[in-house]
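Enquirer: Can you keep this structure in mind? I'll have questions shortly.
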Amino acid sequence: MSRPSTRSWLEGKAPRQIPVKRVRPTNAPSRDIREEIYAPILLVEADDGLYYIADGNHRFFKKLVFGGDPETIPAWVLEEGDQERVHGSPLPQHVREWKDGKITLSQLCVIAKNAYEDVQEKVKKILVNYKVEGAVETTAVMPGDINQSAFTLTASVLRVLRGVTTIEQEAQELALPVEELASFYKCFIDGGREAIRDRLRPGGDSGRDDRGG
């Protein structure tokens, strides 16, 4: 049985190119992102200079993994007045509520920010469990070039995010210390595969501020 599409779009409005480092996921992938048909995502812009995903987490993760380490991602940024433009099959619940006038755009943005914080809390719990404090020195790099290593680590992180495996299992498979893989987990949430690749470079550092810098 084919799953329903949850892709949303804005009719008659061109997407913008948004820096990936400014985008914050509001949910983890719950299925294999390779099945996704890539399309622009829906974002809400917050007063912290960041963009939170209103719909398209799966498409965002697919772009991070298979998009050749993009610096920008096409997205529709929701604005007041776009309610009649937004369509989906179906629309996510909160986007639908905004479209129907039940919540304001500011409320939608708060909901998205809170969802991102929930994702971060899960990350923090993992880091606490494995006693990861700050950047962890990368002591083991898999054979091959940095791009392939980053791809392999990203695939592991996504399996953990989807709940189909654990950090312990993935660390054992990759012959990495558990706390090191846990630090890559946070690295991916902060900046995707590009952030992991930066960590793998000589002298690389996972430290990024809240704006992805």
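Enquirer: Taking H placed 1.01 Å from N in the peptide plane, check which residues at least 5 places from Asp55 or on another chain put their amide H under 5 Å from its amide H.
Expert: Leu42
Enquirer: Going highest first, how would you order 88-97, 152-161 by mean Cβ packing within 10 Å?
Expert: Those peptides, ordered most packed to least, come out 152-161, 88-97.
Enquirer: Here is a follow-up. Tabulate in residue order the Karplus-calculated ³J(HN,Hα) for region 114-122, using 6.51 cos²θ - 1.76 cosθ + 1.60 with θ = phi - 60°, rounded to whole Hz; enter x for Gly and Pro.
Expert: 5, 5, 5, 4, 4, 4, 5, 4, 5
Enquirer: Please give, to one decimal in nm, the separation of the simple spin-label points placed at Gln93 and Thr165, each 7 Å out from Cα toward the Cβ.
Expert: Calculated label separation equals 3.1 nm.
Enquirer: Amide H neighbours of Thr72 under 5 Å, at least 5 residues apart or on other chains, H built in the peptide plane: list them.
Expert: Amide H neighbours of Thr72, under 5 Å, 5+ apart: Val20.
Enquirer: Moving on to the next point. Once label points are set 7 Å from the Cα along Cα→Cβ at both Glu179 and Glu80, what is their separation, rounded to one decimal in nm?
Expert: Here the modelled spin labels are 5.0 nm apart.
Enquirer: For region 167-180, just list the computed ³J(HN,Hα) in residue order, Karplus coefficients 6.51, -1.76 and 1.60, θ = phi - 60°, integers in Hz, with x standing in for Gly and Pro.
Expert: Per residue, the Karplus-derived 3J(HN,Hα) values read 4, 4, 5, 5, 4, 5, 4, 8, 6, 10, x, 4, 5, 6 Hz.
Enquirer: Continuing with the same structure: If amide hydrogens are placed 1.01 Å from N in the peptide plane, which non-local residues have theirs closer than 5 Å to the one on Arg16?
Expert: HN-HN under 5 Å from Arg16: Ala75, Trp76, Val77.
Enquirer: Something else about it: Once phi is turned into ³J(HN,Hα) by the Karplus curve 6.51 cos²θ - 1.76 cosθ + 1.60 with θ = phi - 60°, what whole-Hz value does each residue of region 90-98 show in order, with x for glycine and proline?
Expert: Result, ordered by residue: x, 7, x, 3, 6, 5, 4, 4, 5 Hz.
Enquirer: With each label point set 7 Å from Cα along the Cα-Cβ vector, what nm distance links Asn147 and Glu11?
Expert: It works out to 4.1 nm between the two label points.
Bear in mind that the values in this text are calculations on the coordinates, not laboratory data. Quick caveat, the model's predicted, so the values are computed rather than measured. For neighbour counting, all protein chains shown are included, and Cβ atoms are generated from backbone atoms with ideal geometry for every residue, glycine included.
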